[in-house]
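Only one structure is covered here, and it is reproduced in the block below.
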Amino acid sequence: MSSQQLNPEDALYVDMFIAKNSQTINFMRSSYSAILGFAAGTLGLTNWSGFIFYLIGSIFMSLLILMVKAKGNPKIFFRKPFEAVTEGISGGLLSYILFWTLLYGIIHVYD
């Protein structure tokens, strides 16, 4: 019989729940990115001001996830606490650009 060493930290996490947490964060980020895109397009932001707007909004969303959803302790819900902050940022950026350019084109195309 082979003896395997079990890491006690691995017993704390259930893969199904971690996947559900990641899915929830991706949904929250993509929805919030769409709202930010609507706001940026409506405000008529262009170039770097639009990307800075997304950066500020993304930082705000990360703080909300850490404080409200993770209750200030992301280590309980994720294997790596930094995942709570970085999960879904690139997909959110693509949603943001889509809605930003859509609304900007609809509202400010003839200005």
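For a quick check of your reading of the model, give me the residue pairs whose first member lies in the stretch 82-101 and is in contact (Cβ under 8 Å) with a residue 40 or more places away in the chain, whose second is crowded, with 16+ Cβ neighbours inside 10 Å and of a type in the set (Lys, Arg), with beta-carbon atoms closer than 8 Å and at least 6 apart or on different chains.
As it stands, the answer is 87/29; 88/29; 89/29; 91/29; 92/29, since those pairs meet every condition given.
Here's the yes/no breakdown for (1) farther than 13 Å from residue 78 by Cβ; (2) more than 20 Å from the chain's Cα centre (by Cα); (3) modelled with pLDDT of 90 or more:
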| position | (1), (2), (3) |
| --- | --- |
| 6 | yes, yes, no |
| 9 | no, yes, no |
| 19 | no, no, no |
| 24 | no, no, no |
| 30 | yes, no, yes |
| 34 | yes, no, yes |
| 40 | yes, no, yes |
| 45 | yes, yes, yes |
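Of the residues that sit in the stretch 87-97 and are over 17 Å from residue 44 (Cβ atoms) and either surrounded by fewer than 17 Cβ atoms within 10 Å (Cβ to Cβ) or β-branched (Val, Ile, Thr) (or both), which one is modelled with the highest pLDDT?
Within the stretch 87-97, the subset over 17 Å from residue 44 (Cβ atoms) is 87-95.
With either surrounded by fewer than 17 Cβ atoms within 10 Å (Cβ to Cβ) or β-branched (Val, Ile, Thr) (or both) added as a condition, the list becomes 89-91, 94.
Details: 89: 86, 90: 85, 91: 86, 94: 92.
Taking the candidates together, the pick is 94.
Taking the stretch 44-65, which residues are surrounded by 14 or more Cβ atoms within 10 Å (Cβ to Cβ) and either in contact with a strand residue (DSSP E or B) (Cβ under 6 Å, 6 or more places away or on another chain) or under 15 Å from residue 97 (Cβ atoms) (or both)?
45, 50, 51, 53, 54, 57, 58
The values are calculated or read from the model by the stated rules, or taken from the named source; none is laboratory data. Since this is a predicted model, take the numbers as computed values, not measurements. For neighbour counting, all protein chains shown are included, and Cβ atoms are generated from backbone atoms with ideal geometry for every residue, glycine included.
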